[in-house]
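To start, the structure under review is shown below, and the notes come after it.
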Amino acid sequence: MYKSKYFKAYELVSKIVYGKFGENSYQFFNKDILIDLDLIRETYSSPIIINNWFWNGKYQESGLRSNCD
């Protein structure tokens with residue numbers, strides 16, 4: 001399982017998914033997508049916000065969207 005160099009799993013999935021799978025949430029992403037995401041981050045040398053629920057932000061499903069309740 002590939003783990004992103006720049007993004008923690010909780011930045012890519014919803015609170016519900018992270019609560020169920022934790023750092024294993026990377027399993028839901030194609031390796032090439034995560035590599036491309038890291039490449040974009042490196043190319044622009046700038047932070048990217050995908051989900052920020054972990055820090056009480058309003059973004060929760062801007063990455064992997066769950067249909068879990």
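The values are calculated or read from the model by the stated rules, or taken from the named source; none is laboratory data. All values reported here derive from a predicted model rather than from experimental measurement. Note: ideal-geometry Cβ built from the backbone for every residue, glycine included; neighbour counts use all protein chains shown. What goes into the accessible areas is simple: the full protein's heavy atoms, side chains included, and nothing from ligands, DNA or RNA. Shrake-Rupley method; radii C 1.70, N 1.55, O 1.52, S 1.80 Å.
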*Please enumerate the residues belonging to region 1-57 that are among the small types (Gly, Ala, Ser) and outside any helix (DSSP H, G or I).*
4, 14, 45, 46, 57
*Residues within region 14-38 that are open to solvent by 60 Å² or more (accessible area, probe 1.4 Å) and either closer than 14 Å to residue 65 by Cβ or of a type outside the set (Asp, Glu) (or both), tallied*: 12
*Output the residue which, of all residues in region 52-62 that are touching a residue at least 40 places away in the same chain (Cβ under 8 Å) and in contact with a helix residue (DSSP H, G or I) (Cβ under 7 Å, 6 or more places away or on another chain), is most open to solvent (accessible area, probe 1.4 Å).*
54
_Need pairs with beta-carbon distance below 8 Å; first residue closer than 19 Å to residue 1 by Cβ and within region 30-51, second at pLDDT 95 or above and polar (S, T, N, Q); sequence gap 6+ or separate chains._
34/4; 37/4; 38/4
*Pull up region 1-13, narrow it to residues that are aromatic (Phe, Trp, Tyr) and open to solvent by less than 90 Å² (accessible area, probe 1.4 Å), then point me to the one that is farthest from residue 61 (Cα to Cα).*
2
